[in-house]
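The values are calculated or read from the model by the stated rules, or taken from the named source; none is laboratory data. All values derive from a computational prediction rather than experimental measurement. In this analysis, Cβ positions are derived from the backbone assuming ideal geometry, glycine residues included, and neighbour counts consider all displayed protein chains.
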Amino acid sequence: MFSMPPATRALVIINVAVYLLQLALGDIVEALFALWPLHSGLFRLWQLITYGFLHDPHNFAHIFFNMFALFMFGRSLERYWGARRFVIFYLVCILTAGLTQLAVTAGTSALEPTLGASGGVFGVLLAFAWLFPRERLIVLPIPIPVPAWLFVTLYAVAELFFGVTGRAQGVAHFAHLGGMLGGALCILAFGGRRSLERR
């Protein structure tokens, strides 16, 4: 029940290893590999992928909840698609989330970097709801099972609301939505939803 297929396990291990590296080396890792706005003078092309493997070293909950979600939902996607397709999907979501964040910050004076696996994780959430819409999820602290499609839809609406209104500062809401957009495009490229019975 709690086992992880190889690609999901590797992604979790890489994220944890990079987090420990951040703790050991300090701000130098963030300066080189977080996603900096285009106008900051610190942006480098590789950051469009590497930022997705960094997390806030001062906030353990940041990496914990991202890795917990990747563990919970990534396993099902990898078993459905296979390791190669799952990794491609995850990286595409990271990339589209990063591009979205760059577009959002381009017209601002923001100089803060973006980091975290949330763009990839939101893509994973979207794919899980797309492929397994009737799976029941329990969202704490409300112990009422809800179908995956409803949970992810409400989550996406909340992200859009917070992004447009500017509430919940310090969270890259549009990057999360960008990860979902990349996930949707990737699923369509993969051929959409094929029934499990035909697998």
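Side notes on the structure shown:
- Selection status of Thr100, out of contact with any strand residue (DSSP E or B) (no Cβ under 7 Å at 6 or more places or on another chain), surrounded by 15 or more Cβ atoms within 10 Å (Cβ to Cβ), closer than 19 Å to Ser40 by Cα and not aromatic (Phe, Trp, Tyr): yes
- Summed over segment 112-124, residues that are under 22 Å from Leu42 (Cα atoms) and part of a helix (DSSP H, G or I) total 2.
- Among the residues of segment 91-111, those identified as closer than 11 Å to Trp36 by Cα, assigned to a helix (DSSP H, G or I) and more than 16 Å from the chain's Cα centre (by Cα) are Thr105, Ala106.
- With respect to the stated conditions, Thr105 fails to be touching a Gly at 6+ places or on another chain (Cβ under 8 Å) and of a type outside the set (Asp, Glu).
- Selection within segment 143-199 - farther than 21 Å from Gln101 by Cα, modelled with pLDDT under 80 and assigned to a loop (DSSP other than H, G, I, E, B): Pro143, Ile144, Gly192, Arg193, Arg194, Ser195, Arg199
- Residue-level analysis places Thr96 among those that are at pLDDT 95 or above and of a type in the set (S, T, N, Q).
- Subset of segment 133-142 that is modelled with pLDDT of 80 or more and within 16 Å of Phe122 (Cα to Cα) - its residue that is surrounded by the fewest Cβ atoms within 10 Å (Cβ to Cβ): Pro133
- Residue match in segment 131-141 (condition: assigned to a helix (DSSP H, G or I) and of a type in the set (Phe, Trp, Tyr)): no
- The sole residue among Phe68, Phe86, Phe53, Phe73 that is closer than 30 Å to Ile138 by Cβ and either of a type in the set (S, T, N, Q) or surrounded by fewer than 15 Cβ atoms within 10 Å (Cβ to Cβ) (or both) is Phe68.
- Within segment 1-17, the residues that satisfy the criterion of being buried (at least 19 other Cβ atoms within 10 Å of the Cβ) and either in contact with a Leu (Cβ under 9 Å, 6 or more places away or on another chain) or aromatic (Phe, Trp, Tyr) (or both) are Thr8, Leu11, Val12, Asn15.
- Remark: pairs (first residue in segment 15-33, more than 13 Å from Phe64 (Cα to Cα); second residue charged (D, E, K, R); Cβ separation under 8 Å; 6+ apart in sequence or on different chains) = Gln22/Glu30; Leu32/Arg44.
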